[in-house]
Amino acid sequence: MTLIIKSNPSSRVFAMNVLGKNRSTNEAADKAGITDFINRLLEKGTATRNASELSRDLAKIGANVTLYDNPWIPYDDRYTSRSFSFMKFGTIDDFAEKGFNLFADMVLLPSFENEEVENVRRSMLGTIGRNASSPKKQASKLFYETLCDAEYAKPIMGTARTIASITVDDLKSHHARYYAPDNMIISIVTNKPIDEVRAWVFKRFGRLAPLNAEYTTPKKPEPIFETTAVHAELDKEQIQIYIGSTLPGASHPDASTISIATSILSTRLYLNLREKQGLAYSVGSGSRFENDFGLTYSVIGTQSENYQKAVDGILLEIDKLKLDGPTDAELQKAKNSVWGRLMSAKLSSINQAYYLGLDDFYGRSVGYDQTYLKKLADISIADIRRVAATYFKTDGYIIATAGKKL
């Protein structure tokens, strides 16, 4: 097991994150969503406390626990990935040891009590049912299924069929395998002495024996040489559109430049397609990096009759960025925005712990932020034009849509 402890003497918060590696590829196809199912059950009781007792004891120490996305909060999936799962915990340092042991019980000793399992199952099936009629969710699902390997593309929350089929024994078996020490990264931010905190971790997690299991990693998608269109017809007046293709992985020299180019493109799409033309409910561009590959996508939600205008508008903005590049002002604004969002996200100790684990998962060294800042500073207009021309495809891409297509 990998353990990272960061000393932060100026903070009064004890924060901890547990990262499980390669979520989707290590779920059986007929049990897709089982990791998410487990994470939702971790707060429903342990071997030493039932759900109400656990909730009471967490409340007593003012604990902040995040184990999965909240479907009622827009964009709550910011930290969610098919490549890993996360468990976030934080409390004030006065309760650090007590909080650590409570959280360790949740991670290591979930009760998987039958009634709670069924309650969580019903909740998940309800969310899956709502997502089935969401153009945004269905277009995203089609995009991943078309572009990526089937093992990686499995939906994070699973399907109605897979969630309905998962048994308590399945949950226990997957929990033991997936959250084995050789598949976990634990990262902690604290003002407590590091040796003291390390002793807590060894006492609780050091008892785990490595399974030496065969864990699988995502396969790199095949290159795209022609446009492929897929569509899910829904009884809606709007349509959601994903246009995108593959990228190199997180450690590639172009990754930082691609992130800035994506930010510039996203701003242009918002200003030109939404603000000036009024085509979009929501619009933007994103890039996501895994260890061995990445994905870039432009997304727009619009009225069905605006479908072709929206597609043409996205492709035009991509071509303009490839040919002309950004202005100096656009480039500087994008650099500031990307850096500012990252630093803002890392203001809390809980997110600092999260990003420590994430950086280790992606093979980045401790102190990567300073390296990243230097990379951002060195990016030029010519660099943006080059990566846009190389990776932002307008002659061969995946276009996934969901909603009403006229």
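Looking at region 276-287, can you tell me whether even one residue there is more than 30 Å from Phe84 (Cα to Cα), assigned to a helix (DSSP H, G or I) and in the same structural domain as Asp359 (by TED's automatic domain parsing)?
Yes, region 276-287 contains a residue that is more than 30 Å from Phe84 (Cα to Cα), assigned to a helix (DSSP H, G or I) and in the same structural domain as Asp359 (by TED's automatic domain parsing).
What number of residues within region 315-346 are surrounded by 14 or more Cβ atoms within 10 Å (Cβ to Cβ), β-branched (Val, Ile, Thr) and either modelled with pLDDT under 95 or over 26 Å from the mean Cα position of the chain (by Cα) (or both)?
1
Considering region 177-212 alone, what residues qualify as being surrounded by fewer than 13 Cβ atoms within 10 Å (Cβ to Cβ) and under 27 Å from Asn291 (Cα atoms)?
Ala209, Pro210, Asn212
Answer yes or no as to whether Ile264 is within 30 Å of Leu406 (Cα to Cα) and either assigned by TED's automatic domain parsing to the domain that holds Val387 or modelled with pLDDT of 95 or more (or both).
no
Could you run through region 351-375 and say how many residues are of a type outside the set (S, T, N, Q), on the phi < 0 side of the Ramachandran plot and not in a helix (DSSP H, G or I)?
Final tally of qualifying residues: 3.
Output the residues belonging to region 218-244 that are assigned to a loop (DSSP other than H, G, I, E, B) and within 12 Å of Ala139 (Cα to Cα).
Leu234, the sole residue that qualifies.
Check Ser298 against each of (1) modelled with pLDDT under 95; (2) among the polar types (S, T, N, Q); (3) assigned to a strand (DSSP E or B) and name the one condition it does not meet.
Going through (1) modelled with pLDDT under 95; (2) among the polar types (S, T, N, Q); (3) assigned to a strand (DSSP E or B) one by one, Ser298 breaks only (1).
Does Ala213 satisfy the criteria of being modelled with pLDDT under 95, among the small types (Gly, Ala, Ser) and not in a strand (DSSP E or B)?
Against the criterion (modelled with pLDDT under 95, among the small types (Gly, Ala, Ser) and not in a strand (DSSP E or B)), Ala213 qualifies.
Being of a type in the set (Gly, Ala, Ser), within 30 Å of Ala104 (Cα to Cα) and out of contact with any Cys (no Cβ under 6 Å at 6 or more places or on another chain), is that true of even one residue in region 213-234?
The answer is yes; a qualifying residue exists.
With (1) hydroxyl-bearing (Ser, Thr, Tyr); (2) in the same structural domain as Asp359 (by TED's automatic domain parsing); (3) outside any loop (DSSP other than H, G, I, E, B) as the list, and Ser187 as the residue in question, which single condition is left unmet?
The number of the failed condition is (2).
So, Ala150, is that one of a type in the set (A, V, I, L, M) and exposed (fewer than 15 other Cβ atoms within 10 Å of the Cβ) or not?
Against the criterion (of a type in the set (A, V, I, L, M) and exposed (fewer than 15 other Cβ atoms within 10 Å of the Cβ)), Ala150 qualifies.
Inside region 24-48, can you point out the residues that are out of contact with any His (no Cβ under 8 Å at 6 or more places or on another chain) and β-branched (Val, Ile, Thr)?
Thr25, Thr46, Thr48, listed by residue number.
Listed residues Arg207, Arg198; which is touching a residue at least 24 places away in the same chain (Cβ under 8 Å), at negative phi and charged (D, E, K, R)?
Testing whether each residue is touching a residue at least 24 places away in the same chain (Cβ under 8 Å), at negative phi and charged (D, E, K, R) leaves just Arg198.
Taking the condition more than 30 Å from Gly62 (Cβ to Cβ), over 25 Å from the mean Cα position of the chain (by Cα) and assigned to a helix (DSSP H, G or I), does Gly396 pass?
Spelling it out, it is not the case that Gly396 is more than 30 Å from Gly62 (Cβ to Cβ), over 25 Å from the mean Cα position of the chain (by Cα) and assigned to a helix (DSSP H, G or I).
Return the pair list, or none, for Cβ contacts closer than 9 Å from residues in region 356-372 that are over 13 Å from Trp339 (Cβ atoms) and at pLDDT below 90 to residues that are of a type outside the set (A, V, I, L, M) and exposed (fewer than 15 other Cβ atoms within 10 Å of the Cβ), at least 6 apart or on different chains.
Once the first residue is over 13 Å from Trp339 (Cβ atoms) and at pLDDT below 90 and sits in region 356-372, its partners that are of a type outside the set (A, V, I, L, M) and exposed (fewer than 15 other Cβ atoms within 10 Å of the Cβ) give Ser365/Thr371.
Given the conditions (1) in contact (Cβ under 8 Å) with a residue 24 or more places away in the chain; (2) surrounded by fewer than 18 Cβ atoms within 10 Å (Cβ to Cβ); (3) under 26 Å from the mean Cα position of the chain (by Cα), which single one is not true for Lys21?
Result: Lys21 fails condition (2) only.
Would you say Thr228 is under 20 Å from Gly396 (Cβ atoms) and in contact with a Ser or Thr (Cβ under 7 Å, 6 or more places away or on another chain)?
It is true that Thr228 is under 20 Å from Gly396 (Cβ atoms) and in contact with a Ser or Thr (Cβ under 7 Å, 6 or more places away or on another chain).
Filter region 162-171 down to the residues that are more than 21 Å from Leu19 (Cβ to Cβ) and touching a residue at least 60 places away in the same chain (Cβ under 8 Å), then identify the one that is surrounded by the fewest Cβ atoms within 10 Å (Cβ to Cβ).
Step by step, filter region 162-171, then rank; the result is Ser165.
Examine region 42-51 for a residue that is surrounded by fewer than 20 Cβ atoms within 10 Å (Cβ to Cβ) and of a type in the set (Val, Ile, Thr), and state whether such a residue exists.
Scanning region 42-51 turns up at least one residue that is surrounded by fewer than 20 Cβ atoms within 10 Å (Cβ to Cβ) and of a type in the set (Val, Ile, Thr).
One line per residue, one yes/no per condition, for (1) assigned by TED's automatic domain parsing to the domain that holds Val18; (2) farther than 28 Å from Ser81 by Cα; (3) among the hydroxyl-bearing types (Ser, Thr, Tyr):
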residue	(1), (2), (3)
Ser304	no, yes, yes
Lys346	no, no, no
Leu356	no, no, no
Tyr391	no, no, yes
Tyr397	no, no, yes
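Quick check, is Asp383 within 30 Å of Thr66 (Cβ to Cβ) and not small (Gly, Ala, Ser)?
Here the answer is no, as Asp383 does not meet what is asked.
The values are calculated or read from the model by the stated rules, or taken from the named source; none is laboratory data. What you see is a predicted model, and the numbers here were worked out from it, not measured in a lab. Cβ atoms come from the backbone with ideal geometry, glycine included; neighbour counts cover every protein chain shown.
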